[in-house]
Amino acid sequence: MLLRWQSPRVLGLLALAAVVAACVLNPPLLRDVRLGIFDRYQSAWPREYRPVPVRVVVIDDESLSRIGQWPWPRSVMRDLVIRLGDAGAAVIAMDIVFAERDRLSPARLAEQWPRVFDMDAGALRGMDTDRMLAEAAGIYPVVGGFALTQSGDPAPVPVKAGFAEVGVDTAAAVRGYPAALRNIPVLEEAFTGLGSFTVPAASGSVIRTLPLIQRQGEQLVPSLALETLRVASGADTIAVRGGADPSAGVRRLRTGRIEIPVTGDASLWLHDTGPVDARSIPAWRLLQGAGGNGPAVPRLQGHIVLIGTSAAALGDRVQTPLRPDAPAVTVHAQALEQMILGQHLERPAWARGAELSGAVILALLLVWLMPKLNVLGATGMALTLALLPIAAGAAGFNRYRLLLDPTPVVLTVLVVYLVMTVALFLLAEVRRRGIQRAFGQYLAPDLVAQLAEDPERLRLGGESRQMTFLFSDIAGFTALTETTDPQRLVALVNAYLEGACRVVFEHGGTIDKIVGDALHVMFNAPTDQPDHAARAVRCALALDEFSARFRAQQKEQGVEFGVTRIGVNSGPAIVGNFGGGDRFDYTAHGDAINTAARLEAANKMLGTTICAAGSVVGQCEAIAFRPIGVLWLRGKTTGTEVYQPLRDDDPRLVWRDEYLAVYEALRDGEPDARRRLEELTGRHPGDALLALHATRAAGGEQGVDIIVE
C-alpha cells in the first residue's frame with residue numbers, strides 16, 4: 001500500500017492538485033507573472049495607431065520655455081480653451097486640477113496687496129482669471145479633472161454624470177477612495193463634466209488598466225476618459241451592466257451608442273500603441289499660433305482634445321507596457337481611442353476556468369503517459385504540452401485581442417513533469433537495487449546490469465512459459481565430505497561453485513538454487529531467450545569440460561573429486577515470485593523440472609555425465625547428439641527419449657554414424673544387432689554408451705527401453 005502511494009502517478013496527481021490549488025488562490029507572484037506575460041503580448045503585438053478624432057495638447061518643456069514656468073496664469077489656460085474651441089474641438093478635457101485660486105490673478109493680487117494697487121484696485125478686482133477660465137468653459141464644453149485621494153477633503157465631488165445600474169452593485173465592485181482633490185467651486189460649476197484622472201498602478205507601477213468608474217465615499221465617479229466620452233456623445237447617463245453572476249462585478253459600460261467591455265471593477269484593459277507623434281500638439285503652438293506670427297493652429301473640428309503635461313520637470317509621467325515614462329494624459333487619450341474604435345483587450349469570464357481546465361487535462365495526460373515513455377519522450381511531451389498554452393495565448397491575443405494566461409498550464413505541466421521525473425528516477429533506482437539484490441547471485445553481472453537499466457524486461461509476476469532446466473550434481477560428494485577437513489571442503493566446494501556459476505552466467509543461465517554441491521539452473525527466465533534449449537546444452541557441455549579440468553587439478557593435489565552429472569530437459573513451467581511475508585523466491589515449478597532432476601540422477605546408472613531429453617534435442621539443430629535410449633523414470637507412465645550431446649571437437653563424432661546405425665538396429669530388434677554392437681564395442685572399448693548396451697544385451701535385454709531404478 002505504501003508503494004502505491006509513492007508511485008509516480010500518485011505523486012504526479014498530488015503535484016497537480018497542489019499547483020491547481022495555488023493557481024486558484026492566485027497569489028501575488030502568479031498575478032505578477034500573468035501581468036508580465038500580458039506585457040510581453042503587447043510588446044510583440046502593440047495596437048496599430050489609427051487616426052481618430054482624439055488629440056492631446058501637451059504642456060511640454062518647449063511650451064514652458066516659450067510661455068513661462070508652471071503653473072500658468074488661468075488667463076493663459078482660458079486662451080488655450082478658447083483657441084481649441086475656435087479650432088472646432090467638440091470636447092476639451094483637463095488632465096489638470098485647479099485646486100486653488102490663481103495666484104497670478106490681478107484680482108487676487110489686489111486682495112493680497114491692497115496698498116500697492118490702491119489707485120486702481122477696483123479695476124484689478126474685476127480681472128479675476130479663474131472666472132475668465134470659467135466663462136470660457138461656459139462657452140465650450142470642458143470636462144474638468146480631479147484626483148481621488150486617501151486623505152483630504154471628504155466632501156463629494158459634484159459629479160455631473162448619472163449612472164444606470166443593471167444586475168450589479170457597482171459601488172461594491174469598484175475601487176473606493178475617501179476623499180478628493182477638487183477644483184475650485186467656480187470652475188466645478190462651469191465645467192460640463194467632471195472626471196477622475198486617478199490611475200492606480202498595478203504590479204511594478206505599470207499602468208495596464210484604466211478604471212472607468214471609481215467611488216468617492218459612497219458616490220460613483222467616472223474617469224476623465226469616460227466622462228469626456230459621455231459629454232462628446234451627448235449622453236446624460238452611463239449604463240453599468242453586470243453578468244449572469246452579480247458577484248462577478250461589472251461586465252460592460254455604455255454611454256451614448258458606445259459599449260465598452262470592462263473588468264469586474266469597471267476597468268478598461270489598455271492596448272498600448274507606444275508613442276505616436278500625430279496624437280500630440282504642443283501647447284505653445286496653439287497659444288502663439290493665433291497671433292499670426294507663429295505656426296498655424298491645427299483644425300480640430302469634432303475632435304476630443306485633452307490637455308495635460310509632459311514636461312519632465314512636472315513629473316506627471318507613468319510607466320506603460322511599451323514606455324517607461326509616458327505622459328499620464330496619453331493614457332486617457334489611448335483609452336478614448338480604444339472606446340471610439342471598439343478595439344478592446346478582453347479577458348473573458350470563461351478565461352480563468354479554461355486555463356485551470358487546460359492545466360488539469362494536459363497534466364492528467366502527462367501523468368498517464370509519462371511512465372510509458374522514455375526520458376527523451378517524456379521530456380519532449382512535457383515541452384510540447386507547455387508550449388501549447390503559450391502558443392494559444394499568443395494566438396488569442398494577436399488574432400482576437402484576448403488576454404489568456406498560459407501560466408497555470410505551463411506551471412502545472414512543468415511541476416508535474418519534474419515531480420514525476422524525480423519519482424520515476426527514484427523508483428527506477430529502487431527497482432535497480434532490488435534487481436541487483438534479487439538476481440545478483442543468480443544471473444551474470446552484465447545481465448543484472450541490463451535488467452537494472454531496463455526493468456521492463458523483467459516479468460516477476462507468475463506466468464507459464466516454455467523453459468529449459470539444467471540440474472548438476474557431483475558424484476561421490478557424500479564420501480568426499482566424510483574424508484575431507486571441513487575448512488578444506490568449504491574452500492574446495494566454493495572454488496568449484498565459483499567456476500561452475502561462471503560457466504552458467506557465460507551462457508545466460510539463471511541459477512535457481514544452489515543446494516550443497518548441486519546447481520539448479522533455468523533458461524528463458526526472467527528474460528526471454530528464444531534459444532534457451534541450445535543455451536542449456538552448450539552450458540552443460542561447458543560445465544562438463546570445466547568439471548573435468550577441475551577434477552584433474554584436484555587429483556594432482558591428492559583430492560579425488562567426483563565427476564559432475566548433468567540433466568537437461570525442456571517443457572512448460574510456472575515461473576515467478578513465490579513466497580509470503582517478507583520472503584520471496586524467484587523460482588519455477590513444473591514436471592519439466594522434476595524430469596531434469598531425474599535425468600541428472602540417471603547418469604550414474606548409464607555411465608554418462610550429461611543426459612538431455614528429446615524435448616531439448618529438437619530445438620538444437622546445430623549441436624550433435626547420440627541417442628542413449630528410452631528411459632522409464634520413476635513416477636512416469638511414458639518413456640523419455642534421452643540423448644548425449646557432443647562437443648564440436650569430440651572424437652566420437654568420427655564414428656557417430658556407425659553408432660546411430662547400431663542403435664537403430666537395437667531399437668528395431670534386427671537379428672544381427674548384437675553382433676554389430678560387439679564389433680563396434682571392440683573397436684571403441686572405452687565408450688560408456690557402447691558398454692551400457694553391450695552389458696544389457698549380454699544380460700538378455702532387447703531394444704533400447706531402459707528402466708531407471
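What FRET efficiency comes out for the pair Ala552/Lys513, r = Cβ-Cβ distance, R0 = 35 Å, nearest 0.05? Write out the running numbers ahead of the final one.
Details: r = 27 Å, r/R0 = 0.79.
Computed FRET efficiency for Ala552 and Lys513 comes out at 0.80.
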Exercise. When ranked by the protection proxy of mean other Cβ atoms within 10 Å per residue, highest first, what sequence do the peptides 322-329, 17-24 form?
Worked result: 322-329, 17-24
For this session: Report the dimensions of the range 534-580 along its three principal axes from the alpha-carbon atoms, largest first, rounded to Å.
Result: 45, 31, 12
Seminar exercise, completed: Among Thr129, Tyr400, Val415, the residue whose Cα sits farthest towards the positive end of the charge dipole of the chain, when +1 is placed on the Cβ of each Lys and Arg and -1 on the Cβ of each Asp and Glu, is Thr129
Seminar exercise, completed: For the range 288-404, the convex hull over Cα atoms projects on average to an area in nm² of 12.7
Problem set entry | Within the chain, helix-based [θ] at 222 nm, where runs of 4 or more DSSP H residues each add -39,500 (n - 2.57), nearest 500 | -14000 deg cm²/dmol
For this session: Could you work out how far helix 328-341 tilts from the main Cα principal axis of the chain, as a 0 to 90 degree angle to the nearest 10?
Result: 80
For this session: Counting only heavy atoms of the protein chains, get the accessible area per residue of the chain (1.4 Å probe) and round it to a whole Å² value.
Result: 47
Exercise. In whole Å, how far is the Cα centre of the range 373-432 from that of the range 659-690?
Worked result: 77
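Mind ranking 161-170, 511-520 by how tightly packed they are, going by the mean number of other C-beta atoms within 10 angstrom, highest first?
511-520, 161-170
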Problem set entry | Cα→Cβ-extended label distance, 7 Å offset, between Gln487 and Arg9, nm | 5.8
Problem set entry | Formal net charge of residues neighbouring Thr640 (Cβ-Cβ distance under 14 Å; K, R +1; D, E -1) | -1
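Dipole of the range 583-709, Cα-centred, from +1 at each Lys and Arg C-beta and -1 at each Asp and Glu C-beta, to the nearest 20 debye? Walk me through the numbers on the way to the answer.
Working: 15 positive and 20 negative charges, 78 e Å.
Using only the charged Cβ atoms, the result is roughly 380 debye.
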For this session: May I have the pair-distance distribution P(r) for the range 222-264, computed from all Cα-Cα distances with 10 Å bins from 0 and rounded to whole percent?
Result: 30, 51, 19, 1
Seminar exercise, completed: Rounded to the nearest 10 degrees, the helix 591-606 long axis (Cα) sits at an angle to the longest Cα principal axis of the chain of 30
For this session: Give me the distance in nm between label points sitting 7 Å out from Cα along the Cα-to-Cβ direction at Ala391 and Ser205, one decimal.
Result: 3.9
Exercise. What is the distance, in nm, between label points placed 7 Å from the Cα along the Cα-to-Cβ direction at Leu25 and at Ala239?
Worked result: 4.2
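Net charge within 11 Å of Val186 by Cβ-Cβ distance, Lys/Arg positive one each and Asp/Glu negative one each, not counting Val186 itself? Walk me through the numbers on the way to the answer.
Numbers: positive: Arg74, Arg101, Arg131; negative: Asp102, Asp128, Asp130, Glu135, Glu188, Glu189.
Taking every other residue near Val186 into account, the sum is -3.
Based on the mean of other beta carbon atoms within 10 Å per residue, what is the order of 50-62, 547-559, 684-696, most packed first? Kindly include the intermediate steps, with their values, before the conclusion.
Working: 50-62: 19.5, 547-559: 13.2, 684-696: 16.2.
Ranked by mean Cβ neighbours within 10 Å, highest first: 50-62, 684-696, 547-559.
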Exercise. What percentages, rounded to whole numbers, describe P(r) for the range 497-607 computed over all alpha carbon pairs with 5 Å bin width beginning at zero?
Worked result: 2, 11, 19, 24, 20, 12, 7, 4, 2, 0
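If contacts are Cα pairs under 8 angstrom and at least 6 residues apart, what is the relative contact order of the range 301-428 in percent? Mind dumping the intermediate values first?
Numbers: 104 pairs, mean separation 30.8, N = 128.
Relative contact order comes out at 24 percent.
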Problem set entry | chymotrypsin sites (Phe, Trp or Tyr not before Pro) within the range 256-354: DSSP coil, no more than 14 neighbouring Cβ in 10 Å | Trp350
For this session: With no solvent and one equal point scatterer per Cα, compute the Debye intensity ratio I(q)/I(0) for the range 339-407 at 0.15, 0.17 Å⁻¹ and report its log10, rounded to two decimals.
Result: -0.57, -0.68
Problem set entry | Whole-number D in µm²/s for the chain (Stokes-Einstein; Kirkwood sum over Cα pairs; 4 °C, 1.567 mPa s) | 37
Exercise. How large is the Kirkwood hydrodynamic radius of the range 543-693, in angstrom, based on all distinct alpha carbon pairs?
Worked result: 17.6
For this session: Please compute the Cα-Cα pair-distance distribution of the range 158-299 with 5 Å bins starting at 0, giving whole percents from short to long.
Result: 2, 9, 16, 18, 17, 14, 11, 6, 4, 2, 1, 0, 0
Exercise. At a 1.4 Å probe radius, carbon and sulfur cover how many percent of the accessible area of the chain?
Worked result: 55
Problem set entry | Angle in degrees between helix 129-139 and the longest Cα principal axis of the chain, rounded to the nearest 10 | 80
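Taking Cα pairs under 8 Å and at least six residues apart, what relative contact order does the chain come out at, in percent? Spell out each step's value before the answer.
Details: 1293 pairs, mean separation 81.5, N = 709.
12 percent.
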Seminar exercise, completed: Of all DSSP beta bridges having both residues in the chain, the percent classed as antiparallel (nearest 5) is 65
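For Lys372 and Glu679, what does the FRET efficiency come to when R0 = 51 Å and r is the distance between their Cβ atoms, rounded to the nearest 0.05?
Numbers: r = 68 Å, r/R0 = 1.33.
Result of the calculation: an efficiency of 0.15.
The values are calculated or read from the model by the stated rules, or taken from the named source; none is laboratory data. Everything quoted here is computed from the prediction, not taken from an experiment. Using ideal geometry, Cβ is built from the backbone for each residue, glycine included, and neighbour counts are taken over all protein chains shown. These accessible areas exclude ligands, DNA and RNA; they are computed on the full protein's heavy atoms, side chains included. Shrake-Rupley method; radii C 1.70, N 1.55, O 1.52, S 1.80 Å.
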